[in-house]
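Only one structure is covered here, and it is reproduced in the block below.
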Amino acid sequence: MPAYLEKERAVAIEAVERAARVCTAVFQRLVTDETLTKKDKSPVTVADFGAQAVVNAILERHFPDDPVVGEEDSRDLQGDGGRALREKVVELVGSALDRPMAADEVLRAIDRGQHAGGPAGRHWTLDPIDGTKGFLRGEQFAVCLALVVDGKVRLGVVGCPNLPYDMSRPAEGRGVLAVAVEGQGAFQRRLGASDAAEQRIRASGVADPRDAAVCESVEAGHSSHSDSAQIAQLLGISKQPVRMDSQCKYVAVARGDADIYLRLPVSSSYAEKIWDHAAGNIIVREAGGCVADVSGRPLDFSLGRTLSQNAGVIATSAGVFDATMAAVQQTLAGKAPSAS
Ligand SMILES: Nc1ncnc2c1ncn2[C@@H]1O[C@H](COP(=O)(O)OS(=O)(=O)O)[C@@H](OP(=O)(O)O)[C@H]1O
Ligand SMILES: [Mg+2]
């Protein structure tokens, strides 16, 4: 008998692999091109659309009835105004899939990502480039794909083209694909190696919070750096936090590079998007770690396109979860994030 979600796991890995190749190709071709500065946002736009089209086309081929909650839609690619961008994306998608695709097929593939999500049945959720700013800087970004069944994340794949495979031996190459299926543990393999061997990954066994390493967003607008400094102080942590873009932070906790990921709300009006957390969430949990929001509630993926009943995210290895939550609550007590 095939293992639970065996086909979905294989297809999701293939889709993330191909989408990651799209992103890397765009980066090499456009961001490093002398005519474009890294301030130019167009490379990320082309890669975002291209990666979403590629993943959605692969999902449709294997699972035609499964809807997708994806970050992008095709509006900017339509009509005369969208022609230049559309042509670039169509060419990119054709070469990534090894078959030409007509423009309307590409737009339709992108728009398969417009599902509303919710509690019933199956849907995929996709962030074609998570950490767009990291992508443009040539630092960390990730292609993230997850399957939600009956409101719960059951499968997650995070492709991290720029993450060292082994943090203690960075010279041995970059490119990590992390994958987890509910009940089956979390694994990593080398991104870009089709027959790559998989290695089980586990969150750290750190028990004393003073020994913990913290990671957080690069952008202070996405997670409060001042609150995290206060939490680290309460926990007796002297090491500086590692700042990294994207769901690579979940992978860092899942394989013990870091022990605590803090995402501390800056504004009470921002609702986290499910595609920014679904895949990373199951990878950390299957690696033996814990994930909750700043109130200690589990993340609720059954409510549509956002985590509307959660605020922030705390992901840690199991041994430091309680202490971290206590420090988070002490720090945030009586401090309402601004409503702007
Ligand atoms: N205000 C606010 N608060 C919290 N999160 C926000 C906010 N605004 C945006 N985003 C989402 O953050 C995603 C990037 O993830 P990170 O914050 O972990 O990385 S980064 O350091 O900011 O690059 C980023 O994902 P991408 O857009 O895919 O890069 C956003 O979806
Ligand atoms: Mg994102």
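The values are calculated or read from the model by the stated rules, or taken from the named source; none is laboratory data. This is a predicted model, so every value here is computed, not measured. Every residue, glycine as well, gets a Cβ built from its backbone with ideal geometry; the counts of neighbours run over all protein chains shown. For accessibility, only protein heavy atoms count, side chains too; no ligands or nucleic acids. Shrake-Rupley method; radii C 1.70, N 1.55, O 1.52, S 1.80 Å.
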Pairs beyond 23 Å (Cα-Cα), from LYS152/LYS239; LYS152/LYS335; LYS133/LYS273; LYS7/LYS152; LYS133/LYS239; LYS88/LYS249: LYS152/LYS239; LYS152/LYS335; LYS133/LYS239; LYS88/LYS249
Protection proxy ranking, peptides 95-102, 159-166, 126-133, 289-296, average beta carbon neighbours within 10 Å, highest first: 126-133, 159-166, 289-296, 95-102
Surface accessible to a 1.4 Å probe, MET167 within the full protein complex, Å²: 80
Among ALA279, ALA193, ALA258, residue whose mean-square fluctuation peaks in a GNM of the chain (springs only between Cα atoms under 10 Å): ALA193
Two-decimal log10 I(q)/I(0) for the chain, as the Debye equation yields it once each C-alpha is a single scatterer, q = 0.15 Å⁻¹: -1.26
Dipole of the chain [Lys/Arg +1, Asp/Glu -1 at C-beta], most positive-end residue of GLY134, PRO2, ALA326: ALA326
Rounded FRET efficiency, nearest 0.05, which uses the C-beta distance separating SER295 from MET167 and R0 of 25 Å: 0.20
Among beta bridges that DSSP assigns inside region 209-332, antiparallel share in %, nearest 5: 70
Within the accessible area of region 209-332 (1.4 Å probe), percent carbon and sulfur: 49
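For ARG202, ARG255, what's the largest-to-smallest order of accessible area, 1.4 Å probe?
Largest accessible area first, the residues go ARG202, ARG255.
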Global form of region 6-201, assessed from the alpha-carbon gyration tensor, a/c cut-off 1.5: oblate
1.4 Å probe accessible area per residue over region 158-261, in Å²: 43
Reciprocal of mean inverse Cα separation for region 248-293 (Kirkwood radius, Å): 11.3
Of ALA47, ALA323, ALA311, the one that fluctuates the most in a GNM where the chain has Cα springs shorter than 10 Å: ALA323
Quotient of Cα Rg and 2.2 N^0.38 Å for region 197-340, N being how many residues it contains: 0.96
Region 6-201 - share of DSSP beta bridges that are antiparallel (%, nearest 5): 90
Rounded to 5, percent antiparallel among DSSP beta bridges of the chain: 85
